[in-house]
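Engineer: Please read through the structure below; I'll follow up with questions.
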Amino acid sequence: MHSDIKEILFTEAQLKERISELGKEISTTYQGEDVTMVCVLKGAVMFFADLVRSVEGNVSLDFISCSSYGDSTISTGEVKIRKDLDHDVKGKHVLVVEDIIDTGVTLSALLPLLRKRGAKSVRLAALLSKPDRRKVEVPIDFEGFTIPDAFVVGYGLDYAEKYRNLPYIGILKEEVYQ
Ligand code: 5GP
């Protein structure tokens, strides 16, 4: 275990097992219909890579990078796109894949934007959810794990761009960011 990690929440094996279950749920939901899976960079990249391989059927991949304006009073429609999708989502089933839903501000802005662009459906898969921190309600269609209010890293999730390469998800020691 990395010396900056206080506790491992989910091991590589636990992540693998849960993601394979989510893949089955997703395959059942779309019933062979084409789906565009959208990775929200960068945190979701590991989850995305594993999840797409556990989904059966015709899947296209696309990538987006965005940030909310960080104003908790903004509930919808205000999202800064740093890197937009390469393909038009009009008429497509879109499944947004995110690492963690914390306050919900980012995704509560991104999902309506994709709907406004004419997607046939927009659903959300999130590996982690911290419901205690929610400021805006975001329905999660496919949820990996609910976690307590702690700052987690690993498996794509960073602190100052570090720890993304850890194969597990762990709680960062407080002294690292204090
Ligand atoms: P929200 O808009 O839901 O508050 O924020 C979502 C984003 O905040 C996530 O995509 C992620 O980048 C970041 N975030 C929220 N909680 C954590 C956490 O515990 N660890 C890490 N590494 N990032 C987090």
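Engineer: Excluding Val38 itself, calculate the net charge of residues whose Cβ lies under 11 Å from the Cβ of Val38, where each Lys or Arg counts +1 and each Asp or Glu counts -1.
Structural biologist: -2
Engineer: May I ask you to list the lysines whose Cα is less than 27 Å away from that of Lys24, ignoring any residue fewer than eight positions away on the same chain?
Structural biologist: Cα-Cα hits under 27 Å: Lys16, Lys42, Lys90, Lys92, Lys120, Lys130.
Engineer: Highest GNM mean-square fluctuation, the chain, Cα pairs closer than 10 Å: which of Gly43, Gly104, Gly57?
Structural biologist: In this elastic network of the chain, the residue with the biggest mean-square fluctuation among Gly43, Gly104, Gly57 is Gly57.
Engineer: Follow-up question, since we're still on this one. Considering only Glu17, Glu25, Glu143, give the residue with the highest GNM mean-square fluctuation for the chain, with springs between Cα atoms whenever their separation is below 10 Å.
Structural biologist: In this elastic network of the chain, the residue with the biggest mean-square fluctuation among Glu17, Glu25, Glu143 is Glu17.
Engineer: Longer than 29 Å from Cα to Cα, which of Lys83/Lys135; Lys83/Lys173; Lys80/Lys135; Lys116/Lys162 are they? Say none if no pair is.
Structural biologist: On the way: Lys83/Lys135 25 Å; Lys83/Lys173 32 Å; Lys80/Lys135 19 Å; Lys116/Lys162 35 Å.
The answer is Lys83/Lys173; Lys116/Lys162.
Engineer: May I pose another question? Considering only Ile19, Ile140, Ile81, give the residue with the highest GNM mean-square fluctuation for the chain, with springs between Cα atoms whenever their separation is below 10 Å.
Structural biologist: Checking each option, the largest mean-square fluctuation is seen for Ile81.
Engineer: What residue among Phe47, Gly57, Ile26 has its Cα farthest toward the positive end of the dipole of region 17-59, where the charges are +1 on Lys, Arg and -1 on Asp, Glu, each on the Cβ?
Structural biologist: My answer, from the dipole projection, is Phe47.
Throughout, read-outs are computed from the coordinates displayed, never taken from laboratory work. Here the structure is a predicted model, which is why all the values come from computation and not from measurement. Don't worry about glycine lacking a Cβ; one is built from the backbone with ideal geometry, like all the others, and counts go over all protein chains shown.
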